[in-house]
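The values are calculated or read from the model by the stated rules, or taken from the named source; none is laboratory data. All figures in this text were calculated on a predicted structure; none of them were measured in a lab. Because the Cβ atoms are built from the backbone with ideal geometry, glycine has one as well, and the counts that use them run over all protein chains shown. With ligands, DNA and RNA removed, areas are computed over all heavy atoms of the protein, side chains included. Shrake-Rupley method; radii C 1.70, N 1.55, O 1.52, S 1.80 Å.
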Amino acid sequence: SYQGSVYTTFQNVTFTAGTTTMSAVDGTDLTVDETLTITGTGTLTCGGANDITVGRDWINNGTFANGNRTVTFNATTAIQVIGGTTGTTFYDVSHTTAATLQFGNDAAARTFTISNLLTWSNGGVTIGRAGIADVLNLPIAATTLTIPSGRTLSTIGTAVLNVGDTTGTNGVNV
């Protein structure tokens with residue numbers, strides 16, 4: 001288990017075979033300045049009062065259990081990728097920097113879900129890559145998607161954004 005009072009900020013973090021549970025007794029969050037990776041046999045479980053901040057990319061090739069916690073993406077690079085071979089279900093996502101948050105990173109289609117709240121105040125959001133049918137679901141009942149002034153929400157190729165109880169096969173479905 002990760003104990004938050006020991007180390008809380010890392011350059012790059014890879015969660016490998018087995019399960020890592022964030023269970024800091026003092027509520028200390030995990031900050032990854034660069035890339036957070038979960039390998040194919042790895043599991044990251046958020047427990048307690050722990051949120052995660054990622055400064056570069058989120059690569060999930062394994063299992064992520066969100067524990068109803070927030071993942072903040074705060075890259076200073078032009079594009080911050082949420083990808084990997086496995087789709088990810090987040091509880092809350094916060095995106096507040098000028099970077100574009102890119103859901104999908106390679107030739108495999110996957111589904112990403114934000115089950116509670118998307119806080120978006122800066123930068124752009126892009127779903128998919130050319131020719132790939134990535135999906136971002138925002139299934140919250142009575143969902144309101146607010147696109148900040150001067151910011152861009154885009155789907156590429158056959159990518160899909162479903163808001164509220166809608167489902168669709170291309171573009172933005174509200």
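The table for this structure:
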{"read-out": "Extension gain, residue 76 back to residue 89 (0.36 nm per residue minus Cα-Cα distance, nm)", "value": "2.3 nm"}
{"read-out": "Label-point gap, in nm, between residue 14 and residue 167 - each point 7 angstrom along Cα→Cβ", "value": "3.7"}
{"read-out": "Dipole of the chain, positive end: most advanced residue of 158, 119, 36 [Cβ charges, Cα centre]", "value": "158"}
{"read-out": "Alpha-carbon Debye profile of region 94-154, log10 I(q)/I(0) at 0.15 Å⁻¹", "value": "-0.47"}
{"read-out": "Förster radius 25 Å - calculated FRET efficiency between residue 49 and residue 122, Cβ distance, rounded to 0.05", "value": "0.45"}
{"read-out": "Accessible area of region 27-121 belonging to carbon and sulfur atoms, whole % at 1.4 Å probe", "value": "48"}
{"read-out": "Å² per residue, accessible surface of the chain at 1.4 Å", "value": "44"}
{"read-out": "Alpha carbon centroid spacing (whole Å) that separates region 50-86 from region 101-136", "value": "11"}
{"read-out": "Formal net charge of residues neighbouring residue 59 (Cβ-Cβ distance under 13 Å; K, R +1; D, E -1)", "value": "-1"}
{"read-out": "Residue among 104, 150, 47 with the largest mean-square fluctuation in a Gaussian network model of the chain, springs linking Cα atoms under 10 Å", "value": "150"}
{"read-out": "Rg to Rh, two decimals, where the chain supplies the alpha carbon set and Rh follows Kirkwood", "value": "0.96"}
